1. Go through region A:471-483 and report how many residues are buried (at least 18 other Cβ atoms within 10 Å of the Cβ) and outside any loop (DSSP other than H, G, I, E, B).
2. For A:V365, state whether it is hydrophobic (A, V, I, L, M, F, W, C), at pLDDT 95 or above and open to solvent by 10 Å² or more (accessible area, probe 1.4 Å).
3. Hey, can you tell me all the residues within region A:415-448 that are loosely packed, with under 15 Cβ neighbours inside 10 Å and under 25 Å from A:V222 (Cβ atoms)?
4. Between a residue in region A:386-400 that is open to solvent by 10 Å² or more (accessible area, probe 1.4 Å) and any residue that is among the acidic types (D, E), which pairs come within a Cβ distance under 9 Å, given they are 6 or more apart or on different chains?
5. Please list, ordered by first then second residue, the pairs with beta carbon atoms under 8 Å, 6 or more apart or interchain, first in region A:102-115 and on the phi > 0 side of the Ramachandran plot and more than 10 Å from chain B (Cβ to nearest Cβ), second crowded, with 23+ Cβ neighbours inside 10 Å and assigned to a helix (DSSP H, G or I).
6. Among the residues of region A:24-46 satisfying the criterion of being open to solvent by less than 40 Å² (accessible area, probe 1.4 Å) and more than 24 Å from the chain's Cα centre (by Cα), which is farthest from A:F144 (Cα to Cα)?
7. Of all residues in region A:334-359 being in contact (Cβ under 8 Å) with a residue 24 or more places away in the chain, among the small types (G, A, S) and farther than 17 Å from A:K310 by Cβ, which is surrounded by the fewest Cβ atoms within 10 Å (Cβ to Cβ)?
8. Give the residues of region A:314-352 that are closer than 11 Å to A:A28 by Cα and either of a type in the set (A, V, I, L, M) or out of contact with any helix residue (DSSP H, G or I) (no Cβ under 8 Å at 6 or more places or on another chain) (or both), sorted by residue number.
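The values are calculated or read from the model by the stated rules, or taken from the named source; none is laboratory data. From a predicted model like this one, the values you see are computed outputs, not experimental measurements. Here Cβ is always computed from backbone atoms with ideal geometry, including for glycine, and neighbour counts include all displayed protein chains. Surface accessibility is based on the protein's heavy atoms, side chains included, excluding ligands, DNA and RNA. Shrake-Rupley method; radii C 1.70, N 1.55, O 1.52, S 1.80 Å.
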Amino acid sequence: MSRAVKNYVDGEWVESGATDFFPVHDPATCELLANCPDSTAEDVDVAVRSAKAAFDEWRSTPVLVRAQYMHHFKVMVEDNFEKVSQIVVREHGKTMDEARGEVRRGIESIDFAMSVPVLMRSDGLEDISSGIDETTVRQPAGVFAAITPFNFPFMVPLWFLPTAITCGNTFILKPSPQTPLATEFLFEMLDELDLPEGVVSLVNGGVPSATALMEHPDVTGVSFVGSSAVAQIIYETCTRNGKRVQAQGGAKNYIAVMPDADIEASVKNILGAAYGCAGQRCLAAAVAVGVGDAYEQLKDELAAQVAALKVGYGLDETTQMGTVISDAAVGRIESMIGQSEGEGAEVVVDGRDFNVSGYEKGSWVGPTLIADVQPNTVMATEEVFGPVLSLMKADDFDEAVDIINQSRYGNAASIFTSNGKHAREFKYSVNAGNIGVNIGVAAPSASFPFGGQKDSFFGDLHGQGMDSIEFYTERKIVIERWV
Amino acid sequence: MASLNTFGAVFTFAIELEAQLSAYYGGIGDSAMAKAADKRRKKLERVRRENVVEITLEPIAGLDADDYALDLSDGSPDGQAAAARIAARFYRDAAPKINVRAAQRALERCGKEHGG
């Protein structure tokens, strides 16, 4: 039997009390890498009690000292950059470049946390009345938790953990049981930092541990990234239990391509946006809307280039697209392609029944291009979370915007154009939280909040940027009079 | 590795090229050149780490590793000049393929150091 991943609680690696385990496979080779425990409510309770006990001392640790831990943490991640990237490739199936890019963006979030001593400062005003001064202070709020997805196993936890603890909170992470190994290594580095016991904890598992975190009375707030259906459950459960919550859900990201766009450059970028991470990211381009003459050009250019993408094992540097996460994902994606075909769409490049020589047991779906997708069909409305790009036609800019705004999701949308007026109108009128202009993956850097509207986000304060400072702190007003 | 079709493939090839050159120069007793190649290798590792931009990763076309194979069996001045020429040509061809300016600049600089 392969080794079982441990939890990290109260400054120590501990075995979960779980009786059930999730197998963790390399999705390209099918090799069993580890078993992830389905931790229990009791496991969570021990972690929360440790985090709560650590809070008072940690919040009174000077903020510059807390930030200094992040400096050391960053150095450790840089020193282990290639190792972490390889772990991500092996448990997720993405390419080395994608894994390196993920780790880089994780480091950006550590960089952001180093700014907490500046960002936590507040303001004040003298003489709001005669001899009376009023100030605000930001204080850490307690024990926070994050429930994170499989698709960015190293980066997404870092959207939350560094800022949360540098603000003076204590923190519990529950990563996806499909990809627990990058976070295991992340905690090995945190362990080397010698943080006080209980400041950071890792509880591996699925629904029981997530539910226990959401229902535990001593957890102040929960961050979540995953599907919309689960995000809604997380939001409702957390609010019912009186917690702060930020729940980032799924997406159906549209890209409008105008006739005035540089088609060659646009297609190059759209390839990365649609097929990067095999389409398994909440900012993946899902539908390209070709406006007017752009449609046929886009279709022809994409058809040639999509078919030429090199699919293979992520550890091979020349691989341009890796696997999807599991055989179950293969089945779901292939079924959706079939449904789309049944609805009358044209499967221009078909990634079904795909295989890679030497990796026949892998979870492969080839890059897929579907044309003539109609509104209200599966490819126009449902999140695929796989390497499938759909094409839709619009007669003009206004129709393209109408198509985009019909989506129940609002994570991201992009426009490719050389016309500033169209770009401006797009930014102004499209209902999505992250807008790209001539860039297909509108991913905010760590100092900006990660947008999301409609069914793509449940909550008030987003992850990252100043929103995260708001989320992880309590503002207190102090009114003083000395006589 | 044949086609250098990704950001990582280009940089990993460059890193391996400099590692080979460092060993080559070391083997023929030119410690200054060996040290310079090793310095470039380390710089390229840092550039690969710090300049990979996840949101603009795009396929790369038109670069093939086989076009830049070094003959490291010839330690003569002519052999050294030939190796430098191949390295310079690689950097000259690779730099425009990279869409991150800082990374592109690093490749250009390496090319110049090889006399390109």
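1. Residues meeting the conditions: 2.
2. Against the criterion (hydrophobic (A, V, I, L, M, F, W, C), at pLDDT 95 or above and open to solvent by 10 Å² or more (accessible area, probe 1.4 Å)), A:V365 does not qualify.
3. A:S445
4. From region A:386-400, the pairs are A:K393/A:D372; A:K393/A:E399; A:F397/A:E425; A:D398/A:E425.
5. none
6. Of everything passing the filter in region A:24-46, A:T40 is farthest from A:F144 (Cα to Cα).
7. A:G344
8. Residues satisfying the conditions are A:L315, A:V324, A:I325, A:S326, A:D327.
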